[in-house]
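Chemist: My questions will all concern the structure given below.
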Amino acid sequence: IHNSTTMSLRQRRTQQPNGKVVDSSPPDLVPEDGDDTKSTYEVDDSTSEKTKLLLPTPPIQFISPPSKLDNFLNTYNTFSGTTFYADQGIKILQWSSWAVSYLTQSNNKNNVLSPSMRKLYLDLSMTRYALRFYGFLQSLEGFRSGSWAGGTWDNPMIAKIAKYLMAGGMLVYYPLEHVAYAGWQMPNLVKVDANRYSAVSCRFWTAYIVGDFWVSCLKLKEMRKKLRDLQELLTGKKKTDDKVAIEEIHQEEQTLLNKIRHVKLQALRSVLFILPAINWSLPKWASDPLLSELTVNGLMLAESYTCVYQSLRAILG
């Protein structure tokens, strides 16, 4: 959830009667005629015939380029190798399961598909709650190091918002989520109003989303200025026909454009998040929600695919 690729960790399980709730080295060569000062690889005129050895020629190895499958597997290993990316993959399955359940609920020919997919969607929701146990220390690291700013920026507000509003907010969010999770999963042991703790946690998540969108806007403003400066510099280098400098500027420009695309996607994710976050922050989100399930979960479905696309673009370059 940091480094401009920030997290979104929200799914709700309502507690209502209707159920809404990854040795080949060559051998040593022995010198001939007791001459221990010469390697058998050395050849001079006096001993050339004597020291010429029929050494085996190593076979030429042709390394074939990686196949599409290999490229896919390498990308998959990178994506699934961290808790952050693994959560995104589960999120895709979670909201896609909900979508299938919603679209097939009126299917009279198969009356088990929709409830089965809805059960899967709710189970995956609880799986993602368990993954959030990794989040508190990640937030603490972001708060102490400032890493959630995603690098060094000219505008000091970016680092402050990332530290205090984003990382600081999530430091409170995660413990509250853990209490809610325990209350839902172990109601006889943890006797709390889990829905209430969940609503309070979402208020801090909402603060994080606002901060993330704010930071994204500030970053875009700064990067667009840098892009204009690069374009002006490029115009000057073209007049002097400095080919080396032109190539370097083109590379820097492409890197900057990739960063701009990444931050734009981050801002889009914040826009998709904000309404569900507000909905889940209200005291009666479970019993009397502000927004319909179709609206909330539809936005979360769109965000999940945007999130994975953003991550894959970052991995692939």
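The values are calculated or read from the model by the stated rules, or taken from the named source; none is laboratory data. Predicted model, so just to flag it, every value in this text is computed and none were measured. Note that each Cβ is placed from the backbone with ideal geometry, even for glycine, and that neighbours are counted across all protein chains shown. We work out accessible area using only protein heavy atoms, side chains counted, and drop any ligands, DNA or RNA first. Shrake-Rupley method; radii C 1.70, N 1.55, O 1.52, S 1.80 Å.
Chemist: All but one of (1) modelled with pLDDT under 80; (2) in a helix (DSSP H, G or I); (3) open to solvent by 40 Å² or more (accessible area, probe 1.4 Å); (4) of a type outside the set (K, R) hold for M117; which doesn't?
Modeler: Single failed check for M117: (1).
Chemist: A167 - would you say it is buried (at least 16 other Cβ atoms within 10 Å of the Cβ) and within 18 Å of K221 (Cβ to Cβ)?
Modeler: Working: buried (at least 16 other Cβ atoms within 10 Å of the Cβ): yes; within 18 Å of K221 (Cβ to Cβ): no.
Against the criterion (buried (at least 16 other Cβ atoms within 10 Å of the Cβ) and within 18 Å of K221 (Cβ to Cβ)), A167 does not qualify.
Chemist: Out of segment 166-212, which residues are in a helix (DSSP H, G or I) and acidic (D, E)? Step through it out loud before you land on a result.
Modeler: Filtering segment 166-212 for residues in a helix (DSSP H, G or I) gives 166-185, 194-212.
Residues satisfying the conditions are E177, D212.
Chemist: Evaluate segment 146-153: report whether one residue or more is at pLDDT below 95, open to solvent by 60 Å² or more (accessible area, probe 1.4 Å) and either not aliphatic (A, V, I, L, M) or not in a loop (DSSP other than H, G, I, E, B) (or both).
Modeler: yes
Chemist: Which of the residues spanning segment 250-299 are of a type in the set (G, A, S) and within 16 Å of S198 (Cβ to Cβ)? I'd like the intermediate steps shown before the answer.
Modeler: We begin by selecting, within segment 250-299, every residue of a type in the set (G, A, S); these are 267, 270, 277, 281, 286-287, 292, 298.
Once the filter is applied, which keeps residues that are of a type in the set (G, A, S) and within 16 Å of S198 (Cβ to Cβ), segment 250-299 yields A277, S281, A286, S287.
Chemist: Moving on to the next point. Is there a residue being open to solvent by 20 Å² or more (accessible area, probe 1.4 Å) and among the aromatic types (F, W, Y) anywhere in segment 281-302?
Modeler: Going residue by residue through segment 281-302, those that are open to solvent by 20 Å² or more (accessible area, probe 1.4 Å) are 282-284, 287-295, 298-299, 301-302.
Within this subset, residues satisfying the condition of being among the aromatic types (F, W, Y) are none.
For segment 281-302, residues open to solvent by 20 Å² or more (accessible area, probe 1.4 Å) and among the aromatic types (F, W, Y): absent.
Chemist: Every residue in segment 226-249 that is more than 23 Å from W153 (Cα to Cα) and not polar (S, T, N, Q), please.
Modeler: In the first step, residues of segment 226-249 are kept if they are more than 23 Å from W153 (Cα to Cα); the result is 235-247.
Answer for segment 226-249, where residues must be more than 23 Å from W153 (Cα to Cα) and not polar (S, T, N, Q): G236, K237, K238, K239, D241, D242, K243, V244, A245, I246, E247.
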